[in-house]
1. Using alpha carbon centroids, what distance separates segment 430-470 and segment 192-248, in Å?
2. From the Cα gyration tensor of segment 88-221, with a ≥ b ≥ c the square roots of its eigenvalues, which class applies: rounded if a/c is under 1.5, or else prolate if a/b is larger than b/c, or else oblate?
3. Taking all protein chains in place and a 1.4 Å probe, what share, in percent, of the accessible surface of the chain do carbon and sulfur account for?
4. Can you tell me the 0 to 90 degree angle between the C-alpha axis of helix 340-353 and the longest principal axis of the chain, rounded to 10?
5. Run lengths n ≥ 4 of DSSP H only: what is the helix-derived mean residue ellipticity at 222 nm for the chain, with -39500 (n - 2.57) per run over all residues, to the nearest 500?
6. Would you mind giving the average projected area, over all directions, of the Cα convex hull of the chain in nm² with one decimal?
7. Going highest first, how would you order 357-370, 148-161 by mean Cβ packing within 10 Å?
8. Which ³J(HN,Hα) values, rounded to whole Hz and listed in residue order, are derived for segment 462-473 from phi using the Karplus coefficients 6.51, -1.76 and 1.60 in 6.51 cos²θ - 1.76 cosθ + 1.60 with θ = phi - 60°, glycine and proline given as x?
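The values are calculated or read from the model by the stated rules, or taken from the named source; none is laboratory data. Remember, predicted model here, so these are calculated numbers, not experimental data. Ideal geometry is used to build each Cβ from the backbone, glycine not excepted, and the neighbour counts take in all protein chains shown. For accessibility, only protein heavy atoms count, side chains too; no ligands or nucleic acids. Shrake-Rupley method; radii C 1.70, N 1.55, O 1.52, S 1.80 Å.
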Amino acid sequence: MNASVVSKVSDVADNAVVATALFEGEDSASLPFLSPEQSAQLAALLNLGPAVTRRGTTTLLPAGRSARPVLVVGAGKRGDVTALNLKRGAAVASRYLTGLGFSHIAYVARSQMDGEAWGQASLEGALEGAYDSAIKKTSDRTPRRLDTVTLVSTSDGVESGVRVGQIVGEARDIARELVNLPPNELTPTVLAERAQELASRHGLECSVLDENQIEHMGMGALLGVAAGSKQPPRLITLRYGSPDARKRVAFAGKGLTFDSGGLSLKTGEGMETMKSDMAGAAAVIAGMVAVARLQPQGVCVTGYVGTTENMPGGGAMRPGDVLTAMNGKTIEVLNTDAEGRLVLADVLSYAVKQGETHIVDFATLTGAAVVALGHAAALATGKPMSWVEDVVKASDSGLDRAWAMPLYPEYRRAMDSTIADLKNTGGRSAGAGALTAAAFLSEFAEGAEWTHMDIAGMAFNREGSSSSAPGGTGTGVGTIAAVTRSMASSAAQE
Ligand code: BES
Ligand code: MN
Ligand code: ZN
């Protein structure tokens, strides 16, 4: 996709559709670039009521003889503008217009927002809305295409926002595709191959441990989960920069290419979307591609992914089994469906052993995170809280969204086993399922500052919406880019 910035609507190519926000209380005079016919049409619609300005509505004003078509996106109250709302507005325009077959959109800046933030939000929205998830349809159909995005603005910083927004948005598309691929195709082996291909294309170092090396490393928790599957597990490492850079940061991802629950089998309905249980891994792999393209200085960034299936085959782990993780801790498995924490136990132990000082993990870990925050934000927690707060801020500025939750000692006590160091579920009576899971993970992140992002509610959008195709969402990629960029800027200040 081609992106550029121009200073006036009259500089926009003739074959583009102009997309613009219209805020509550504004009228057709607020859009001086409309042709007289378009202006009259909009005035007539506004006379009928305020629907045209309600957030998320779309009104297409056809091209007059000398004008380009204009899509008016209702933007609600001017005071409610946030970067995330702006991105969604841009995505609504893009999904609507690419659905009609238009492939060139020109967004006109209408908010008082900082140029860089506006450029980034617009590009990410444009890419989000244009994404086509029907990757396996064979019928004749024209897939959505977005060839060119033009931003109309005279603010400083728009160009650099465009660069970041395009890089992050395109990386989100990589994550979305990985999530959308069916689990019979995207096995752990194939996910590792995809990571290797992306790494060599973007100049990242990549190494993959196979099942024998995983066993040799003592990763008994990951192996326990893999035992019920015919597919062998993989441990993927991706690196940007040199380990002796001023700052180090690491991202860890849960990569269950399918979660059936194992012997603690899920219901049929419960596993319908469980190909998306590798969305944390997808975020880390795609986030590393974004980092490679952004080229931040003074940082070493490493992505760690543990990938396997959770299946109930004859070799499967049983409720009651005790596994030993790479850091030596023993885990009594009471529910084989609480497998993500077992995989992450070894991934986190490995990252700590590699000398990581700051870790952020991304995992579709618990249904309880969906109960707590729905599909509105990732559930963030970890130790110390100062690092969690840093990551939450980066997540919000990076056009994802996260909410910090506490990690009280009670949650860790709920994970005490009678025969081993830990059990893998706190059971119903403990409550706080997302936080007992996090307390379990904390035992494997000791020695590093660690933030846990439970993205179970954010990773997969079953129905889709007016701004986004159904399926994978690319959540987490923006957080990875923003955490890395803020690390690089603090490295530059030291
Ligand atoms: N992958 C699931 C969590 C999940 C549920 C993600 C719904 C997205 C949507 C995870 O492995 C799981 O099964 N968690 C269990 C844990 C329980 C057995 C302690 C859960 O949340 O029910
Ligand atoms: Mn599970
Ligand atoms: Zn799972």
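1. Going from one Cα centre to the other spans 21 Å.
2. oblate
3. Ligands and nucleic acids excluded, carbon and sulfur give 49 percent.
4. 80 degrees
5. Calculated at 222 nm, the ellipticity per residue is -11500 deg cm²/dmol.
6. Result: a mean projected hull area of 23.9 nm².
7. Highest-to-lowest ranking by the protection proxy: 357-370, 148-161.
8. For segment 462-473, the Karplus-derived couplings read 4, 8, x, 8, 5, 10, 8, 5, x, x, x, 10 Hz, x marking Gly and Pro.
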